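Notes to accompany the following structure.
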């Protein structure tokens with residue numbers, strides 16, 4: 001029985017277009033020789049993957065072409081901005097905890113110490129930065145959509161659909177949720193069965209309202225998780241103007257700063273909430289920490305900030321090079 | 001980069017021949033990603049250049065600038081090695 005084994009050359013697709021046009025055919029031949037010579041396939045693939053990362057980061061050997069540097073700028077702007085999409089679910093799952101006192105019925109409410117006030121301020125800052133980031137991301141996405149619409153190069157419609165993907169899925173998901181809400185009737189989805197002298201309530205699993213609500217949530221989740229891929233596909237072979245790239249690199253910088261501020265605020269909130277003295281038994285108390293896994297939340301924010309800064313740094317350098325090449 | 005330049009100082013070679021040669025002379029096993037990262041950098045510096053090839057295995061050769069750069073680096077390395085060996089000799093005697 002013959003078994004097809006993977007070729008390490010598939011990793012060549014991780015390299016930029018200009019690199020593949022120049023080196024791919026000879027590296028492909030080298031990979032064949034190395035595998036035939038007994039080199040482990042995974043080692044060859046790993047070396048190619050690390051090489052691709054280096055080429056993406058440092059663009060060694062990239063030609064002095066404004067188009068190449070513009071494409072590189074837009075790809076790195078995507079890396080600087082798209083990780084921010086993870087901030088919203090991270091905040092929703094881990095960070096959205098009230099910084100106020102949890103109240104016991106009939107209990108006395110203790111005053112906040114300085115640390116407690118700092119904790120609530122840090123929590124408030126996180127929420128405001130999140131709101132600002134969402135607005136910035138949304139407005140930049142709209143400007144990108146308009147820029148792709150104005151870009152007259154071939155395949156414009158296809159690229160536009162990819163870039164519009166997050167908005168289209170969000171709208172479709174919201175429409176399904178609204179439809180589900182509109183068709184739901186109290187008691188419609190619940191059937192009461194009588195067996196002997198007992199009554200049993202069973203929820204109809206295929207009630208139309210329930211189906212629409214589920215479809216809406218699934219569409220929004222699928223749209224959310226596929227957005228980075230769709231936007232990157234849309235940006236491929238797009239010829240964005242320098243002004244759009246400048247706006248993108250500024251947005252990337254702003255989102256890098258905001259993710260860092262959120263990280264600092266989350267760390268401060270966690271620390272300060274722990275410093276708030278625990279009130280007497282029966283009193284209301286300040287919730288300490290950021291939900292069940294505060295370290296996961298902080299690690300997630302740190303990951304977003306690190307990716308965002310890496311994208312911003314390379315994007316700004318690439319933009320400067322593209323700008324200079326365009327002037328020559 | 002120095003290993004690639006040293007390998008090419010013996011004459012033009014394609015990728016696989018360079019990897020084999022470097023493995024023999026320095027016992028270093030270069031991967032294709034590392035080799036082509038170095039070749040792209042050396043080509044950018046003008047220290048190596050590709051030669052025309054009929055098949056996909058394109059050979060590279062050292063340029064005059066590359067030879068000069070390699071000579072300087074090897075002389076520096078040799079000077080450091082000499083000092084180190086002298087000091088070792090003094091410490092052991």
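Rule-based calculations on the coordinates, nothing more; no lab input. This one's a predicted model, so the numbers in the text were calculated from it and none came from an experiment. Using ideal geometry, Cβ is built from the backbone for each residue, glycine included, and neighbour counts are taken over all protein chains shown.
Quick look at the numbers
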| read-out | value |
| --- | --- |
| Computed FRET value (nearest 0.05) for residue A:257 with residue A:7, which takes r as the C-beta separation and R₀ as 41 Å | 0.45 |
| Helix B:32-45 axis, angle to chain B major axis (alpha carbon atoms, nearest 10°) | 90 degrees |
| Three-way shape call for region A:121-182 based on the alpha-carbon gyration tensor, with the a/c threshold at 1.5 | oblate |
| Angle in degrees between helix B:64-92 and the longest Cα principal axis of chain B, rounded to the nearest 10 | 30 degrees |
| Globularity ratio of chain B, using Cα Rg and 2.2 N^0.38 Å | 1.28 |
| Spin-label zone in region A:141-176 - amide nitrogen under 18 Å from a point set 7 Å from the Cα of residue A:222 along the C-beta vector | A:161-176 |
